[in-house]
Amino acid sequence: MTVPESASTIFMGPGPDGPVPPSLPAGLADERFAANVRDLRESQGKSQADVARLMAEHGWPYHPQTVQRIEAGHRKVSVGEAEALARILGTTVDRLTFPGPAAKAAGLLDAHLGRARESWAQIGEAAKALLIARVALTRTLADVEAAGFHDSAQIRALSQQAREILETAIPERAVDAARQDHERQFPADAGGAP
């Protein structure tokens, strides 16, 4: 199963060139846009003055009253303004026209999708770092053993620890250990975790 790039595809129908937004009755998209701008702004703790200032920084001479009129549905916005508002609010223009619950669901899905992708990348980087460390440890252990430091108790103890780590510290075992730890901490998730 392929994970979609954007959770917004869930709320769209198929089209010949990709997902197509569903048709909306005249005015409904504007109403949803206004409500979603207000809801997102408020959920982020931004005032209308904050949004106006940020829009001005993006080249749109807004005042707090402009934002108030947009949120009340008394002023329509151009495509450029919609794109700037979406950027400021950390979303996309299409999500600003979703129904309230759908916009929230898309935002949650997209946030968790982003966290999953970021975690996946972190695991990959950590696995590479572990493999590099294993190579360095293997070479160092071989050099130490070849140098004949067998008289040193500290070297013998560290060499033994190195051999034990080389037997156990592999990426697959690290993932298994993390999964087992997660299942101990969150037993209810154990059945649903892939």
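The values are calculated or read from the model by the stated rules, or taken from the named source; none is laboratory data. Just so you know, these numbers come straight off a predicted model, no measurement behind them. Reconstructed Cβ throughout: ideal geometry from the backbone, glycine too, with neighbour counts over all protein chains shown.
Of everything in the range 117-132 that's of a type in the set (Gly, Ala, Ser) and in contact (Cβ under 8 Å) with a residue 24 or more places away in the chain, which residue is surrounded by the fewest Cβ atoms within 10 Å (Cβ to Cβ)?
By that ranking, first place goes to ALA126.
Go through the range 53-65 and give me each residue that's part of a helix (DSSP H, G or I) and buried (at least 19 other Cβ atoms within 10 Å of the Cβ).
MET55
Can you tell me which of (1) among the hydrophobic types (A, V, I, L, M, F, W, C); (2) out of contact with any Ser or Thr (no Cβ under 9 Å at 6 or more places or on another chain); (3) not assigned by TED's automatic domain parsing to the domain that holds GLU167 is the one LEU113 doesn't meet?
All conditions pass for LEU113, except number (2).
Quick one: count up the residues across the range 66-85 that are surrounded by 15 or more Cβ atoms within 10 Å (Cβ to Cβ) and hydroxyl-bearing (Ser, Thr, Tyr).
Residues that pass the stated criteria total 1.
Residues in the range 73-82: is at least one of a type in the set (Lys, Arg), in contact (Cβ under 8 Å) with a residue 40 or more places away in the chain and outside any helix (DSSP H, G or I)?
Yes, the range 73-82 contains at least one residue that is of a type in the set (Lys, Arg), in contact (Cβ under 8 Å) with a residue 40 or more places away in the chain and outside any helix (DSSP H, G or I).
Exactly one condition in (1) modelled with pLDDT under 95; (2) in a helix (DSSP H, G or I); (3) not aromatic (Phe, Trp, Tyr) is not met by LEU85; state its number.
For LEU85, the failing item is (1).
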